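The values are calculated or read from the model by the stated rules, or taken from the named source; none is laboratory data. Keep in mind the model is a prediction, meaning the values are calculated, not measured. For neighbour counting, all protein chains shown are included, and Cβ atoms are generated from backbone atoms with ideal geometry for every residue, glycine included. Accessible surface areas use protein heavy atoms only, side chains included; no ligands, DNA or RNA. Shrake-Rupley method; radii C 1.70, N 1.55, O 1.52, S 1.80 Å.
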Amino acid sequence: MQYGSGLNDGQWHAIRLVARENFAMLTIDGEEASAVRSTSPLTITTGGTYHLGGYFLQTLFPPSQRSFQGCMQAILLDDQPADMHAVEKGIMGAFENVSLDMCAIIDRCMPNHCEHGGRCKQTWDSFSCTCDGTGYTGATCHTSIYEPSCEAYKHLGRSSDTYWIDPDGSGPLGPFKVNCNMTEDKVWTTVMNNLPPKTAVTGSSRERRTVLQVNYSASMDQVTSITTSAEYCEQLISYSCHMSRLLNTPGETHLYSPLTRELITEGGRLFRSSQSQNVMCNSY
């Protein structure tokens with residue numbers, strides 16, 4: 001963003017101008033990074049008359065830029081508050097097309113009409129939504145930019161890969177990333193977890209057990225949006241034992257399934273849960 005641009009967003013901004021005999025500096029919102037300094041010597045003459053917001057030069061041609069449209073507050077000259085009541089009474093200065101002691105701008109971003117976390121910006125007479133990074137598009141960030149399922153990507157001619165999907169479209173659930181495996185007759189959708197493949201577990205014993213928590217890249221509501229429309233679902237967890245005296249030192253493996261809310265305890269045998277998912281434990 002260029003310094004001094006993008007200020008017509010409907011928010012308050014602090015503008016400070018410091019002028020010396022041969023030096024001028026403009027700072028926006030008190031940020032040092034926004035300061036614009038004169039690069040060449042200037043001849044600045046200050047006086048008792050200041051023009052704010054309007055176009056005052058008398059020429060034959062109309063101004064190329066519109067006059068200021070907005071609200072001003074806390075106007076300070078030489079760090080002293082400007083006496084706007086004296087201006088209003090005609091004791092000093094003059095004003096035209098200005099309403100004093102009020103701000104007529106309408107807050108069009110409250111409530112925020114931008115959906116799915118879109119950022120609202122407004123001008124004097126309109127508002128707009130910035131949808132960058134939300135996964136949605138449109139005037140109010142309403143339309144998802146992603147397909148609703150892996151099947152939809154297959155119909156578009158896409159091959160097996162990792163994709164973002166949005167099962168409920170413009171609904172409240174956000175998009176999430178899945179692996180799509182396209183076969184000739186079926187499409188498999190895999191929700192990934194946070195554990196890398198072949199995670200090593202060492203030093204675990206009955207007295208000091210190792211606990212691994214599997215977190216998925218989708219919330220329970222997002223997973224449900226996939227499973228409710230799927231023909232078949234399973235949850236696969238496997239483990240292998242290497243150079244372990246498994247038979248001579250019986251142990252326990254506890255698997256807690258958030259999809260069925262069951263606590264399952266098995267010693268390396270294949271079993272099936274009572275609902276539509278499978279959890280398999282294999283020991284070698």
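Residues are listed down the side, and each one gets a yes or a no for (1) of a type outside the set (S, T, N, Q); (2) modelled with pLDDT under 90:
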residue	(1), (2)
Ala152	yes, no
Ser170	no, no
Phe176	yes, no
Val211	yes, yes
Val214	yes, yes
Tyr232	yes, yes
Leu236	yes, yes
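Restricting to the stretch 136-162, what's the tally of residues that are in contact (Cβ under 8 Å) with a residue 12 or more places away in the chain, open to solvent by less than 60 Å² (accessible area, probe 1.4 Å) and over 21 Å from Thr227 (Cβ atoms)?
Residues in the stretch 136-162 being in contact (Cβ under 8 Å) with a residue 12 or more places away in the chain, open to solvent by less than 60 Å² (accessible area, probe 1.4 Å) and over 21 Å from Thr227 (Cβ atoms): 3 in total.
Of Ile91, Ile75, Ile28, which residue is under 30 Å from Arg119 (Cα atoms), modelled with pLDDT of 80 or more and more than 34 Å from the chain's Cα centre (by Cα)?
Ile75
Since Tyr146 meets every condition but one in (1) closer than 19 Å to Asp221 by Cβ; (2) at pLDDT below 95, which condition does it not meet?
Only one criterion is unmet by Tyr146, namely (2).
Select from the stretch 104-116 the residues that are open to solvent by less than 60 Å² (accessible area, probe 1.4 Å) and at pLDDT 80 or above and list them in ascending order.
Residues satisfying the conditions are Cys109, Cys114, His116.
What number goes with the only condition from (1) closer than 30 Å to Asn193 by Cα; (2) in a strand (DSSP E or B) that Ser128 does not pass?
Answer for Ser128: the failing condition is (1).
Applying the selection to the stretch 118-135, what residues are loosely packed, with under 14 Cβ neighbours inside 10 Å and closer than 21 Å to Asp166 by Cα?
Thr130, Asp132, Gly133
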